[in-house]
1. By its C-alpha gyration tensor, with a ≥ b ≥ c as the square roots of the eigenvalues, how is the chain shaped: rounded for a/c under 1.5, else prolate for a/b larger than b/c, else oblate?
2. For a Förster distance of 56 Å, can you work out the FRET efficiency between the beta-carbons of Lys171 and Glu528, rounded to the nearest 0.05?
3. Looking at the square roots a ≥ b ≥ c of the eigenvalues of the Cα gyration tensor of the stretch 77-176, which shape do they give, rounded for a/c under 1.5, prolate if a/b is larger than b/c, or oblate?
4. Pop the C-beta distance of Trp360 and Ala405 into the FRET formula with R0 = 25 Å and round what comes out to the nearest 0.05.
5. Going by C-beta contacts inside 10 Å, put Thr217, Thr248 in order with the fewest on the left.
6. If you take every DSSP beta bridge whose two residues both sit in the chain, what share of them, in percent to the nearest 5, is antiparallel?
7. Name the trypsin sites (Lys or Arg not before Pro) in the stretch 464-541 that are in a loop by DSSP and that have at most 14 other C-beta atoms within 10 Å, would you?
8. Give the share of C-alpha pairs in each 5 angstrom bin for the stretch 437-540, from 0 to the last occupied bin, in whole percents, shortest bins first.
Amino acid sequence: MTSTESSAPSLFEAPAALTSGGFGTLSVATILSDTAHRFPERTALIYGDSTVSYGDLWQQTLAYAGALRARGVRRGDRVAILIPNVPDFARAYYAILSLGAVVVPVHLLLKADEIAYVLRDSGSSLLIAAAPMLAEGGKAAALAQVPLVSVLIPDSMVEQIPVPRLEDEAKEAIPLERYESTNPLDAATILYTSGTTGRPKGAVGCHVSLIEQVHVTLIDLFNITADDVVFGGLPLFHTFGQTAVLNTAFRRGAAIILLPKFDPDEALALMVKHGATLFTAVPTMFIGMLEAATRTAERPPLRYGISGGASLPVAILERFASEFGARVHEGYGLTETSPIVSTNHQRDEPVAGTVGRPIWGVDVEIADADIDDRIEFLPQGELGEIVVRGHALFKGYLGRPEADAEAVVDGWFRTGDLGTKGADDRITIVDRKKDMIVRNGYNVYPREVEEVLARLEGVGSAAVFGVAHDKHGQEVAAAIVLAPGSSLTAEDVIAYTSERMAAYKFPRIVEFHAELPLGASGKVLKRELSAEYAQRISAEA
């Protein structure tokens, strides 16, 4: 044996290059950085009457990153942001990623206690809150003992609101020269998502999963160009807005119309004014746009619409296509899948009622929903639980190994959704295995609402469940058994919960029962409550 041969690694002793993370790097920050270098003069963001070019946005981002670095933010640190759909969301989002840190976007409708929970659970070292969010954000930062810095406080309000302004610190700081390198599998985001029990869990997304979603979208799904103008009304704190709007449009060099709070009349006016060509939204937004269309004859030059977040009624899909002259492509995804799993591709004729075919590199199958400890696939066309594997999967739930083990079985992510897969690979969502409620595209945990109700004096027991709603997709309903002698009213319950929970979480429907339907194990049968409610409403109609 020659010396060269003797130095070759054994097949049974894999060299480090085969088993380590390697030397490759990848960062979501590249999405903005690269486009800014290629198209510095192109418009990145349209906000009100102002625009921001890609070149200016990147320079501003580097200045924000310099200010955060001066505050001690380093690789792997978690930084929470509580910012609506304004240019500062993009600046803060990419500044954090540029430092190799992890972004923790916070839901804008959360109350102080809920925000504080996210800050503590994520281990955030800093909260960046926009001025309109400081009432709840400031309380939350104090509760969690997390430093607070602001954006968007007007000069005239500085003395009344003594919170450090990131804009001021960015002017004084040394800008970051270039974004920090990160391993493709490093954490990029922590998004808090719903479940069926307990409090929200932080789903950790990595750079490669988020970027691959963007590239698959641009290569296979939709022919987005640098000349497109994308409606940006989807909340950017949500995975759908971040991936399907912000990162995808920025990767291509398209412009985004930002709208901090969705109002259908304002949205339609902005889309007409700025020539929007893509409308990416949740079903409630499609419904709102149809309502707005009855009040004006003006229409934007839409090429197509993309719907996700919840099932879009076929009638709404067809009405929108007719009214706006734009086909609607419905898709399916979850926070844990970065988010897109399947969609009706632009190259195909959309099939109403389906969520299309799996995207490239993501496998979708139907498994027996009643078997928890292993994956058993069902024959084609049979109803079962949708399971997913591929590049889209998240890194896991932060600090929740038991939740990881429950969610990912035999390498497949169990979505908790029931559906079918046809011979043409098209997927149809039939129902939800989990009790999760989706209202206006936002996920609601029944258990979380029930815990709040349990603290209300006069409530004996309560069960929270979802009921179908024409406008919101689902509405949150509560069935309550009163404690002896209680005189609580539905108005009392709604007032109590609305003060303690985000607006999309508290129940609008409150009914009182002598007892709750229970199964053999003593578990409340929420499906019976939902079916009973639907039957009664149908009879009254």
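1. Details: a/c = 1.32, a/b = 1.19, b/c = 1.11.
The shape class here is rounded.
2. It comes to 0.40.
3. The shape class here is oblate.
4. Numbers: r = 28 Å, r/R0 = 1.13.
The pair Trp360/Ala405 has a calculated efficiency of 0.35.
5. Values: Thr217 23, Thr248 27.
Ascending number of Cβ neighbours within 10 Å: Thr217, Thr248.
6. 60 percent
7. Counting only loop positions with at most 14 other Cβ atoms within 10 Å, the trypsin sites (Lys or Arg not before Pro) in the stretch 464-541 are Lys471, Lys523.
8. P(r) over the stretch 437-540, rounded to whole percents: 2, 13, 23, 26, 21, 12, 3, 0.
Every number in this text was worked out from the coordinates using simple rules, so none of it is lab data. Computed from a predicted structure; not experimentally measured. A quick note on method: Cβ atoms are made from the backbone with ideal geometry, for glycine too, and the neighbour counts reach across all protein chains shown.
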